[in-house]
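Written out below as structure tokens is the structure these notes cover.
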Amino acid sequence: MNEKDLTGQTAIVTGGGSGIGRAIAIDLASTGVCVVIAGRRAGQLEEVVSEIIANGDRAIGVPANVSLEDDVIRLVKKSNETFGPTDIVISNAGIGGSGGIHDHSVEVWDQVMATNLRGPFLLARHTLPQMRDRKRGHFIHISSESGLEYYPGNGAYGVSKHALNALGEYIQSENQDYNIRVDTVCPGMVVTPMSEGSKGLNYQKCLYPADISELVLWLLTRRSNVKIGRPILIQTMENPWE
């Protein structure tokens, strides 16, 4: 049973130019949410915004690198000026970084941590004050199955996703009394630009962005007395790796 009407709420969706973020942005807009789509590629953002507007819904695109605090400040400011205070934050932007811990370059390690962990932290840091003042808000972190398991060679990516899960738990515990929710979704293998071309991957047995978006919409509209206490694993019944 869904209880919440999202019409008129404002959502920031990072990594919204493709893949999971794109699907979430389009689906959110279709429910009446005013969507602010962030990403590093302006062309992709424009395509998604155009599709949303063509459907009669509301959205803007803001080119931004979530690992940079000045960009996040500008993103939140633009969102506030255009649609009002932020109600929903979807932290979806992420980059890969595999390899053994002993093989990782410091540069790659820092890049992965900056996008996958510092990005969601910065978004929380600059939206939580207004949410706490209004006593309302909802964060959804798109993590990974790699944030629950320990796969050898998963390197910085896996570590960053484990840390992202912990970040969500801290934000929830510190802000529950302010009617602020945090949900963390841990998808298995999803067909996205990041996974396309992976050797031995059977796309027919993978998740698709729409699967994740449907779960996100349920999390945002579920009854207010229903709490999801831990990161949510969503995966396929069949092994997608041949």
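The values are calculated or read from the model by the stated rules, or taken from the named source; none is laboratory data. In this text the structure is predicted, and so the values were computed from the model without any measurement. With ideal geometry, Cβ positions are generated from the backbone for all residues, glycine too; neighbour counts draw on all protein chains shown.
One table, with the values for the structure above:
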item	result
Residues of segment 133-159 satisfying the condition of being under 17 Å from residue 233 (Cβ atoms) and either in contact (Cβ under 8 Å) with a residue 24 or more places away in the chain or part of a helix (DSSP H, G or I) (or both)	140, 141, 142, 143, 144, 145, 146, 147, 148, 154, 157, 158
Qualifying residue in segment 78-86 (condition: out of contact with any strand residue (DSSP E or B) (no Cβ under 7 Å at 6 or more places or on another chain), over 22 Å from residue 233 (Cα atoms) and modelled with pLDDT of 95 or more)	yes
Residue 20 being buried (at least 24 other Cβ atoms within 10 Å of the Cβ), in a helix (DSSP H, G or I) and in contact with a strand residue (DSSP E or B) (Cβ under 8 Å, 6 or more places away or on another chain)	yes
Failed item in (1) without any contact (Cβ under 8 Å) to a residue 24 or more places away in the chain; (2) surrounded by 18 or more Cβ atoms within 10 Å (Cβ to Cβ), with residue 53 passing the rest	(2)
Output for segment 177-190, where each listed residue is aliphatic (A, V, I, L, M) and either surrounded by fewer than 19 Cβ atoms within 10 Å (Cβ to Cβ) or in a strand (DSSP E or B) (or both)	180, 182, 185, 190
Residue in segment 233-241 that is part of a helix (DSSP H, G or I) and in contact with a helix residue (DSSP H, G or I) (Cβ under 6 Å, 6 or more places away or on another chain) present	no
Qualifying residue in segment 215-225 (condition: crowded, with 16+ Cβ neighbours inside 10 Å, assigned to a loop (DSSP other than H, G, I, E, B) and under 15 Å from the mean Cα position of the chain (by Cα))	no
Members of segment 92-114 that are under 25 Å from residue 64 (Cβ atoms) and of a type in the set (Gly, Ala, Ser)	93, 94, 96, 97, 114
